[in-house]
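Reviewing the structure listed below.
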Amino acid sequence: MTADITGFTLDDSALPPPSPEIEQERNIAIFDLLEANTFRLTDGPAPPYALTVALRGRLLQFSVQPASGAAHDFALPYAPFRKAARAYLTVCESYFTAVRSQGPDEIARLDEGRKQLHSEGAALVIERLSEQATTDDNTARRLFTLIGSLYLR
């Protein structure tokens, strides 16, 4: 298992607090991200990195701090992530509700939809990061969960 990202901070200090369900999703995504990930700057120092992600206005801010040297900061427009995040988190909320009150068939249906939207979000992360960094599918999935959690409170 590789771990190019050895530290991660989701800076949501300018946003209202997340719901307990979203906070739980974040915690799981951060744990999984730090366990194993692939993330390399296209033009910059080699890993390991500490990564900070924040939503500032309409921009998604990334600060990649290598073990030695200056941070590599860049921003991406959040708009391309907004629609995917809204769809994914809406299905997640339905899934959380279904787990408490629905049968296994409805839970399985929602889980399939959630997985499909999660895969689409991961592909978007890989595409949008491509000029700044390369990442694998599992890392992109975790980053999408975290980026998406900045959208719905």
Checklist line | Where a residue in segment 5-27 is touching a residue at least 12 places away in the same chain (Cβ under 8 Å) and in a helix (DSSP H, G or I) and its partner, wherever it lies, is of a type in the set (K, R) and surrounded by fewer than 14 Cβ atoms within 10 Å (Cβ to Cβ), with Cβ under 9 Å and at least six apart | finding: I22/R153
Checklist line | Filter result for the condition that a residue is assigned to a helix (DSSP H, G or I) and either at pLDDT 95 or above or surrounded by 16 or more Cβ atoms within 10 Å (Cβ to Cβ) (or both), over A50, A54, A85, A75 | finding: A85
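So that you can scan it fast, the table gives a plain yes or no per residue for (1) in contact with a Leu (Cβ under 6 Å, 6 or more places away or on another chain); (2) of a type in the set (D, E); (3) touching a residue at least 40 places away in the same chain (Cβ under 8 Å):
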site	(1), (2), (3)
Q102	no, no, no
E106	no, yes, no
Q116	no, no, no
E120	no, yes, no
A123	no, no, no
R128	yes, no, yes
D137	no, yes, no
L143	no, no, yes
Next item on the list: Confirm whether F39 is in contact with a Leu (Cβ under 8 Å, 6 or more places away or on another chain) and closer than 19 Å to A3 by Cβ.
Entry: yes
Notebook entry, point to check: Among (1) in contact with a strand residue (DSSP E or B) (Cβ under 8 Å, 6 or more places away or on another chain); (2) touching a residue at least 24 places away in the same chain (Cβ under 8 Å); (3) surrounded by 15 or more Cβ atoms within 10 Å (Cβ to Cβ), where does C92 come up short?
Noted result: (1)
Check: Quick one: what pairs do we get from segment 66-78, first residue free of Cβ contacts under 8 Å to residues at least 12 places away in the same chain, second not in a loop (DSSP other than H, G, I, E, B), C-beta under 9 Å, 6+ apart or different chains?
Finding: A71/A50; A71/T52; A71/S63; A71/V64; A71/Q65
Notebook entry, point to check: Since V64 meets every condition but one in (1) touching a His at 6+ places or on another chain (Cβ under 7 Å); (2) outside any strand (DSSP E or B), which condition does it not meet?
Noted result: (2)
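The values are calculated or read from the model by the stated rules, or taken from the named source; none is laboratory data. Model, not experiment: these values are computed from the prediction. So basically every Cβ, Gly included, is an ideal-geometry build from the backbone, and we count neighbours across all protein chains shown.
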